[in-house]
Ligand SMILES: *[C@@H]1O[C@H](CO)[C@@H](O)[C@H](O)[C@H]1NC(C)=O
């Protein structure tokens, strides 16, 4: 209850900062870090993704996708920009990718944090599952 109030207070104080979302991924698999902003397309000129509240790991401008940086590790979904979806994919997870990623949309000033949790796996995985493990019980056996 108290924790709930604190979280609420925190969210109110940090206006525009949405509550943290978490994504679980597995070593060697891709993971999608979600970020959507649909309020006003004119306010989406640049999308930056930060890792650990510090360094920018990936950046793109939905208006001029041809200028988007090439990255061996990250990719955005061009076909999704129109629907306000600025999620990115980490192509192949390594254990050190775990942590908090922040999606920052300017000049909208929209900020969202996504916590990435990484697990190691024994390779039994539904390839369509985009980072969600379909058999969580197997992990208990490790
Ligand atoms: C955004 O696009 C990605 C890739 O197509 C998809 O996995 C994800 O579900 C989409 N998110 C939303 C909110 O539509």
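FYI, it's all coordinate maths here, none of it is from the lab. Here the structure is a predicted model, which means the values were calculated and not measured. When we count neighbours, we look across all protein chains shown, and the Cβ atoms used for this are built from the backbone with ideal geometry, even at glycine.
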Separation in nanometres of the label points that stand 7 Å from Cα toward Cβ, at residue 72 and residue 41
3.6
Least to most buried among 69, 1, by other C-beta atoms within 10 Å and fewest first, runs 1, 69
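Between residue 56 and residue 117, what FRET efficiency follows from the Cβ-Cβ distance if R0 is 25 Å, with the result rounded to 0.05? Intermediate results must be reported in sequence, preceding the final value.
Working: r = 22 Å, r/R0 = 0.86.
Calculated transfer efficiency: 0.70.
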When only Cα pairs under 8 Å and 6 or more residues apart are kept, what is the percent relative contact order across segment 26-121?
39
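Please report Rg over Rh for segment 26-121, where both radii come from the alpha carbon positions and Rh follows the Kirkwood definition.
Looking at segment 26-121, the ratio lands at 0.96.
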Which order do the peptides 41-51, 74-84 take when ranked by the mean count of other beta-carbon atoms within 10 Å per residue, highest first?
41-51, 74-84
